[in-house]
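What follows is a single structure, written as structure tokens, with notes after it.
Each reported figure results from applying straightforward, stated rules to the coordinates on display, with no laboratory input. Because the structure is a prediction, the values reported are computed rather than measured. FYI the Cβ positions are ideal-geometry reconstructions off the backbone, even for glycines, and counts take in every protein chain you see.
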Amino acid sequence: MTSTIRGVVSALWLCLAIACCITPLRAQGGGSFDLEKLMPNARAGSTLNNLLTSEQVPTDNVVDAAVYFVGPGDLIAYQTTALDFTEKLTVVTPENTLLLERYGLINVDGMTLKQVRDTITSIVQARSRGTVECFVALRRPRLVYVTLKGNVPYPGTYTVPASMRVSTLLAVARQPWLLRRDAAVGEQVRAAGSMTETSKVQELTRNTGSGISPYAARNIVVRHRKGSSSVDLLKAKLTGFAMLDPHVREGDEIVVPYEDKLVAAVAISGAVANPVTISYKPGDKVSLLLDAAGGPTPDADLARVMLVQSGGDGKISLQVDSMLHLTGEDVDLQPGSTIIVERLAVTGAAPRQGVVEIYGEVRQPGATIIVPGETRLADVLKDAGGITEHAALALAYVVRQDPLPNNAKELYDNATRRLQYSDLTLEDTLRFRIDQNYRLPYVSCDFVKAFANPSSSDNIILENGDIIVVPKTPERVYVYGQVHQPGYVSFVPKQSLSWYVDRAGGFAKGAKPGRARIIKGKTRVWVESNDDIYVEPGDEVYVPRSPDVPAGTEIQTYAVIAGIVSSITALVGLFYTILR
């Protein structure tokens, strides 16, 4: 009986304790009991979900834990194989410390990510019973301020992720509107936004420069809050030298040196993808140049790779594999050393072959094979089945693509350089710039003459990549300007400009018939009308009005005429008086 009473009392006390726990939870949760708020797994999952759905920070390369220094703002994730194996997140504090759940505060000042990982793992294992594994990862890198100085087009302070390497910052800093925060560049970006797309590219690339020099790429200095680092962007590409292109840290000053003309150079040339000359540094080896070459070309003779030393050691044969990786001894370079990759001997001339494309009014349009420098225009059109009855030979043309410039700056420079020694007037210069901007990559030829006389110079020799276009004969001519009824007029062969103007209602008031022109459909050249020139399919007829001149100009013109007449009258009167 007594045991029964004790059991009932214990049950009542248990129910009372549960009720006391539930009541505050209801008060906090608005009248509902949310068990997920008590679960660490739910809290971590919610935080992780917010992390993964937030704005993504761009990364230029995989973070190297051995050279990435942890700093304030880094988001670190860790997980253990203990009872609570959920992923936990912690942020490095401004004091460079980490607060770990159940393990306390850890000082990570001056530690790399690898060192932080080893420290957390050792603490977890030391304070846990049995064998417990710990996994540590960088979930999100912090943002840091980095200052760029020296021989760069846009020095200043940039805000970048700490996962970014020095090489990437130098590349991105050539487009400062992507990262830079200062007001001066902001004004430049806003001003550029009001330009046309072409003028924007020309204006911005004009001041950008072509990047850092080969010397500077190997001699950059990064000043940290504590100490400094040397940066060698070329050598950093080799395995085992990642520390020579370090991740940036808060407060770093990256100093790019100016060119030193006295520094010796080494080079690699011949059958390689990227023949290059780089500045020499003591300790450089053959593997550095081979890696900088970017691999062999298909005609490389890998059995004849020679190192020519400047110290009088003669030629040294190098052993390489199919990717131009060194398999033999890695010889030290000397100032002025050169690696030459020989080409395979040519046993016979390969047959020349090219492809041109034909579009439009031919019976078999498409691509056809030619012999570049030998096959002529009429032969290709014949191979394409000939032209159709609707073909407009007067409008047909051949497109031959110009070599494209490497960038917008080169395009702008090429266009401007042609005016350097010209004797054009200011008005002519403006006209030249218009012609330059809208010039067409046509091959000069006349299809009508080429068909009529295959031996003529208009039956041009084709090159690989040419595009032949034979358009359909237009059935109308557009007449506009100072005419009564501007618009399309049906095409009639062998008719003059005045005939088409009459069909468009004749000259309107203000028209200047002497200034009327035929605009040729193929070249857009303006041609005066005469008895020997007819309007052809695709042409346009334009009738302008009198030139628009300021009112003051007319008054000045009349005043000059009046002055000339008065002078002539006075001169005649003087001669008359003398003769009398």
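Computed from phi, the 3J(HN,Hα) profile of the stretch 373-380 under the Karplus parametrisation 6.51, -1.76, 1.60 (θ = phi - 60°) reads x, 10, 5, 9, 4, 4, 5, 5 Hz, with x in place of Gly and Pro. Sorted ascending by nearby beta carbons within 10 Å, beginning with the fewest, Val62, Val255, Val501, Val399 become Val62, Val399, Val255, Val501. For Val144, the residues 5 or more places off, or on other chains, whose built amide H falls under 5 Å of its own are Val160, Ala162. Between Thr388 and Val362, Arg363, the built amide H atoms are under 5 Å apart, and every one of these is 5 or more places off in sequence or on another chain.
Residues Lys88, Lys512, Lys235, arranged from fewest to most other Cβ atoms within 10 angstrom of their Cβ, appear as Lys512, Lys88, Lys235.
Size of the stretch 265-343: Rg and Dmax of its alpha carbons, in Å, are 11.1, 32. The spacing between the stretch 271-331 and the stretch 525-580, judged by their C-alpha centroids, is 74 Å. Take the Cα of Leu426, go 7 Å toward its beta carbon, and the backbone nitrogen atoms of the stretch 544-580 under 17 Å from that spot belong to 550, 553.
Using 0.36 nm per residue of separation minus the Cα-Cα distance, give me the extension gain between Ser567 and Asp383 in nm, one decimal.
Additional length available on full extension: 58.9 nm.
Pull out the extension gain between Arg127 and Val560, defined as 0.36 nm times the separation in residues minus the alpha carbon to alpha carbon distance; nm, one decimal. Walk me through the intermediate numbers first.
Details: separation 433, 0.36 × 433 = 155.88 nm, distance 10.57 nm.
Value of the extension gain: 145.3 nm.
Near the amide H of Tyr68, under 5 Å away, which other amide H atoms are found, from residues 5 or more places off or on another chain, if H is placed in the peptide plane? Those qualifying (amide H under 5 Å, at least 5 residues apart or on another chain) are Leu113, Lys114. Within the shell of other residues whose beta carbon sits under 14 angstrom from the beta carbon of Arg102, the net charge comes to +1, with Lys and Arg scored +1 and Asp and Glu -1. Counted by neighbouring Cβ atoms within 10 Å, the residues Thr80, Thr297, Thr557 run from fewest to most as Thr557, Thr297, Thr80.
Using a cut-off of 25 Å between Cα atoms, the listed pairs Lys472/Lys520; Lys449/Lys512; Lys149/Lys261; Lys472/Lys494; Lys149/Lys226 include Lys449/Lys512 as exceeding that distance.
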